[in-house]
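Encoded as structure tokens, the structure appears first; notes follow it.
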Amino acid sequence: MSQAGLASEQAEGQQPKVDLLEYWKAGAREVRTFRGHSHGVWTVAFSPDGQTLASGGVDRMVRIWDIETGRLLRSLRGHTHDIRAAVFTPDGQILATGSDDRTIRLWNPRTGEPLKLLFTRYDHNVCSLSLSPDGLMLARGSHNKDIKIWEVTTGTELMTLLGKDPYDHHWSVCVAFSPDGVHLASGSDIGKIKVWEVLPSGEEKIVHNGHWREDEEDSPEARGYFFEDDGGFQKPMDYWIGAMTFTPDGKTLITGSRDTTIKFFAMPQVTELRTLKGHSGWVRSLAVSPDGKVLASASDDHTIKLWDIASGRHFKTLKGHTGYVRSVCFSVDGLRLASASWDRTVKLWEGGPEPTE
């Protein structure tokens, strides 16, 4: 990924690079709505060449869209349950999708041809995918305590990451590779964060409380039990981590939670830096602009918020969706933003000053 977004037609003058913070502060508007999903949309991903979007959701179809025309190019059929995650390899040759049907499917996004099916015998709902920066390794977070990593080209399972605490049965629901590919961060359903060394050891390096807040009645014995006697969720589930991402320089890990907050942590020690408050619903997705200056967050409060990463200040709210916003991502140049919502649409946003014509 380039250090700063290269200017496209929207850029003024001969500037070879755009300051994406200034660009998104100057304006942000909805430029296109992609309609075709029959139910809520969980995930959206930009192709590396910026020509297409891939989206997936409750209707079990992976849909590929032409960004310029808004046209549905193809629908990929294969998953048998909600599609929760989608990622393109850096070369754009492979699209990986993860589903509640407990499988990961690899596709050729240009032809729609299914390439591989990744699953293990005792797998659970896949709710998060992350590719290593070189596109060779794929990690999945799921409704299970372990994290699996596959080799993309062969579909071989490379490793299983398991924590050191045998009594910790909480789900590793969210995963994110560091930009150097050395570490993997994971977030749990109770809001805790772990950092793993991927190669060579696969070892758990750090466990951090993250969003979790321990109360007097919490005890080590209570870990791993998700339900109270009345069948309702235990309080710890309130901190479920919905999203995590790194800044491009790898120095900061950013997480979003069901507690409606976003937290910044300094790497590699995972030192908490700041908490951002502004959303009134579960923070489901986070995206950082390629130059590391802008954070986009998507929430169940139906909005997308834009933040200045350096200061932690919120500077814009995008309102256009009429349902939960479940996914947000920047284009490779950072000049566009895509969002997926429970209102069954995918939307495309652009920044910069309003066009004058």
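A short reminder: the numbers here are calculations on the coordinates, not readings from a lab. Only a predicted model underlies this, so the values are computations on that prediction, with no experimental measurement involved. Every residue, glycine among them, receives a Cβ derived from its backbone with ideal geometry; neighbour counts consider all protein chains shown.
What trypsin sites (Lys or Arg not before Pro) in segment 160-204 are in a loop by DSSP, with at most 14 other Cβ atoms within 10 Å of the Cβ?
Working: sites: LYS164, LYS192, LYS194; in loops: LYS164, LYS192.
Answer by residue number: LYS164.
With the cut-off at 1.5 for a/c, could you classify segment 239-357 from its C-alpha gyration tensor as rounded, prolate or oblate? Write out the running numbers ahead of the final one.
Numbers: a/c = 1.91, a/b = 1.26, b/c = 1.51.
In terms of gyration-tensor shape, oblate.
If you wrap a convex hull around the C-alpha atoms of the chain and split its volume per residue, what is the figure in Å³? Kindly include the intermediate steps, with their values, before the conclusion.
Working: hull volume 48.5 nm³, N = 357.
Hull volume normalised by residue count: 136 Å³.
Mind jotting down the distance between the C-alpha centroids of segment 139-203 and segment 250-272, whole Å?
Computed from Cα coordinates, the inter-centre distance equals 17 Å.
Can you tally the net charge around PHE119? Count Lys and Arg as +1, Asp and Glu as -1, for every other residue whose Cβ sits under 13 Å from the Cβ of PHE119. Walk me through the intermediate numbers first.
Numbers: positive: ARG102, ARG105, LYS116, ARG121, ARG140, LYS148; negative: ASP100, ASP101, ASP123, GLU157.
So the surrounding residues net to +2.
Mind scanning LYS164/LYS263; LYS17/LYS347; LYS164/LYS316; LYS17/LYS205; LYS251/LYS316; LYS25/LYS116 and naming the pairs with a C-alpha gap bigger than 31 Å? Mind showing how you got there, number by number?
Numbers: LYS164/LYS263 25 Å; LYS17/LYS347 25 Å; LYS164/LYS316 41 Å; LYS17/LYS205 37 Å; LYS251/LYS316 24 Å; LYS25/LYS116 42 Å.
In this structure, LYS164/LYS316; LYS17/LYS205; LYS25/LYS116 exceed 31 Å between Cα atoms.
Please give the net charge around ARG274, taking every other residue with its beta carbon less than 11 angstrom from that of ARG274, where Lys and Arg add +1 and Asp and Glu add -1.
Working: positive: LYS263, LYS277, ARG313; negative: GLU272.
Overall, the nearby charge balance is +2.
Can you give the longest stretch of the chain with no exposed loop site, where a site means chymotrypsin sites (Phe, Trp or Tyr not before Pro) in a DSSP loop (not H, G, I, E or B) with at most 11 other C-beta atoms within 10 Å? Before the final figure, lay out each step's value.
Details: sites that count: TYR122, TYR167, TYR225.
Counting only loop sites that pass the neighbour cut-off, the longest clear stretch is 226-357.
Calculate one ³J(HN,Hα) per residue across segment 340-356 by plugging θ = phi - 60° into the Karplus curve 6.51 cos²θ - 1.76 cosθ + 1.60, and present them in order as whole Hz with x for glycine and proline.
Per residue, the Karplus-derived 3J(HN,Hα) values read 10, 9, 5, 7, 6, 10, 10, 10, 10, 10, 10, x, x, x, 4, x, 7 Hz.
With a ≥ b ≥ c taken as the square roots of the eigenvalues of the C-alpha gyration tensor of segment 292-344, please select rounded if a/c is under 1.5 and otherwise prolate if a/b is larger than b/c or oblate if it is not?
It is oblate, given that a/c is not under 1.5 and a/b is not larger than b/c.
Give me the net charge of MET159's neighbourhood, meaning all other residues with Cβ under 14 Å from the Cβ of MET159; Lys, Arg count +1, Asp, Glu -1.
Working: positive: ARG140, LYS148; negative: ASP146, GLU151, GLU157, GLU197, GLU203, GLU204.
Every neighbour counted, the sum reads -4.
Apply the Karplus parameterisation 6.51 cos²θ - 1.76 cosθ + 1.60, with θ equal to phi minus 60°, to every residue of segment 62-75 and state each ³J(HN,Hα) to the nearest whole Hz, in sequence, with x for glycine and proline.
With the stated coefficients, segment 62-75 comes to 8, 10, 10, 10, 7, 5, 6, 9, x, 6, 7, 7, 7, 10 Hz.
Apply the a/c threshold of 1.5 to the C-alpha gyration tensor of segment 76-151 and tell me whether it is rounded, prolate or oblate. Intermediate results must be reported in sequence, preceding the final value.
Numbers: a/c = 2.02, a/b = 1.25, b/c = 1.62.
It comes out oblate by the Cα gyration axes.
Name the residues whose placed amide hydrogens come within less than 5 Å of the amide hydrogen of TRP212, ignoring near sequence neighbours (fewer than 5 apart) on the same chain.
LYS192
Stretched out fully, how many nm does the piece from LYS164 to ASN209 gain, at 0.36 nm a residue minus the Cα gap? Intermediate values should be presented prior to the final figure.
Details: separation 45, 0.36 × 45 = 16.20 nm, distance 1.52 nm.
The span from LYS164 to ASN209 would gain 14.7 nm if fully extended.
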